[in-house]
Each structure stands twice: as structure tokens, then as C-alpha cells.
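First the structure, in the form of C-alpha cells, and then the observations on it.
The values are calculated or read from the model by the stated rules, or taken from the named source; none is laboratory data. Note that the structure is predicted; figures quoted are calculated from it, not measured. Note that each Cβ is placed from the backbone with ideal geometry, even for glycine, and that neighbours are counted across all protein chains shown.
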Amino acid sequence: KSLLTMAPYIFCVTPSQLTLFLSLFFIIHPNFASSTPIFSSPSLNTPCFNLPLPGGGRISFNGDTGVLRIRPPGGDKKKTIDLPTVPPQGTKLSEEILSSIDIHDTGTIRGFGAFAIRPLDRHVFLGFYEGEVIRTREALESHIAKRRKRLQNSEGTNKNDGDQSNAMDYVMSLDGGVTFLDGYDRAMDKSIFSPVHLNHEDGEKEGCNCMRLLEDDRVAFFTSRCINEGEELRFDYGRNFWAGKEDTKI
């Protein structure tokens, strides 16, 4: 649940670096500047943009975070990998799918997990990762410190709560570690399925049957193959999640 492996190329830049980048961009692609109105007079007074690139792909800039994101042309790659299409922002998980997935104790060290109570097809949309948006690493560190203190004070009094060891486990990093989604509170609610309830499985193993796709600042989850009744739904958290804690990998 750490840095997304499906992310586009991401850079943190200053306004002066952005100015240099755009200047070079228009030298290389002069026709693009003249044919695309929004780029006709680029200005740093515009806090953000999200535009197509010549030949495919997109370029976007977030003035609040200083993140310049370049998404390469993905048409051929998408056809080869056969990725599902991320639905529009705000799309909710259907009642049919919600009723097809149950959250219960795995009976192992994994704790709770999400299980299919009826078969699921390939590329079924499982919802967006739900969590509190945190805009800076400093804010995240303060947020987690407060949680650890709260968990320490209430340890053993609330069985539905977690403990200090997993205070960071539901944080998903976006934009190369500039913006974060913290799904901890949603994960503690096990009454209704959400992608925050998915456990880990290494990507090359048969038990890894779900995938995540990053679309702007949204993280969408899908089944990556047909899933049988009774199977646990899992996805690969990625190497960054286990960095420094390989001995605890499950």
C-alpha cells in the first residue's frame, strides 16, 4: 500500500524549473503550442494543467504540490497488457459486487481479509482506495504520530482498533511521495468491503488475483482474473511497502 508501481513518470519541480521545461518543450514542439490554445501563452499564474502530448500521453502540473507528471503514450501497452478502464471519479461499487464479497477473519497471521462468496469475473471494478488525503510528508508524519499515541493510550480497550505496529500500513503514496491516502479508519470498519481490506500476495503467485491502477489522484482496484467462490482477494503491495521489514512479509 506504499508507492504505486503503475504510476506515470513523476517529478517534483520548482516554478523556475517548470518555466525551463516548458520553454524547451515549445522549442521541440512549436506546432503543438500554436495548435493548443491553453499553451499559447504559458504562465505560472495558472496553478495547474492537464493536457495531451503530441503522439499520445499527457502532461500535467499541480501548482500546489510542485508535481510535474508525464504519462507516456499507453495505447499499445494497454492493448498488450489488456488493462481495464478506470471509471469516472465518484463511481461507487455496485450492490451486486458488494454483496459478492465478505470481510472475515482469515484464521491466520494475516488477520481479516476479503473473500468472494460467489464467483467474480476478470476485470471487475472493486472500487477506489478510500482514505484521508494528506498533502505533505510532514503532515503525514504528524498524523501517524498522533495515531500511534492514541493507539498506545487505548491499547486493549477496543478490539476493532489496530495497534501501533500497523499505524502506517494503510497509507498509500501518490505522486512519488508528495500526496498520500490514509485508509486506516476505513480499514477498521469491516462491515462493508473496500479495497483497503485486501491483503498482500506476491504478484507472480496464483493467489494474487487483483490489481490497482493509478488515474490522476485516484487508485482503482479490479480483479485481474476470474475468482472462484471462497477465494481471498489479494494484490501485490509492491517492494516499497516491505522495504525495511522484509522479515515480517506475509
Check: Of the residues that sit in region 59-101 and are at pLDDT 75 or above and among the charged types (D, E, K, R), which one is nearest to Cys210 (Cα to Cα)?
Finding: Asp82
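Yes or no, residue by residue, for (1) exposed (fewer than 13 other Cβ atoms within 10 Å of the Cβ); (2) assigned to a loop (DSSP other than H, G, I, E, B):
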site	(1), (2)
Gly107	yes, yes
His123	no, yes
Val133	yes, no
Glu141	yes, no
Ile144	no, no
Check: Looking at region 196-211, is at least one residue modelled with pLDDT of 85 or more, assigned to a helix (DSSP H, G or I) and under 20 Å from Ile97 (Cβ atoms)?
Finding: yes
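Based on this model, can you work out whether Val196 counts as among the β-branched types (Val, Ile, Thr), in contact with a helix residue (DSSP H, G or I) (Cβ under 6 Å, 6 or more places away or on another chain) and in contact (Cβ under 8 Å) with a residue 12 or more places away in the chain?
For Val196, the condition - among the β-branched types (Val, Ile, Thr), in contact with a helix residue (DSSP H, G or I) (Cβ under 6 Å, 6 or more places away or on another chain) and in contact (Cβ under 8 Å) with a residue 12 or more places away in the chain - is met.
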Next item on the list: Spot the failing condition for Asp185; the list is (1) modelled with pLDDT under 90; (2) farther than 24 Å from Asp121 by Cα; (3) surrounded by fewer than 17 Cβ atoms within 10 Å (Cβ to Cβ), and only one is missed.
Entry: (1)
Notebook entry, point to check: Just one of Asn240, Asn228 is within 15 Å of the chain's Cα centre (by Cα) and either in contact (Cβ under 8 Å) with a residue 24 or more places away in the chain or assigned by TED's automatic domain parsing to the domain that holds Ser99 (or both); which is it?
Noted result: Asn240
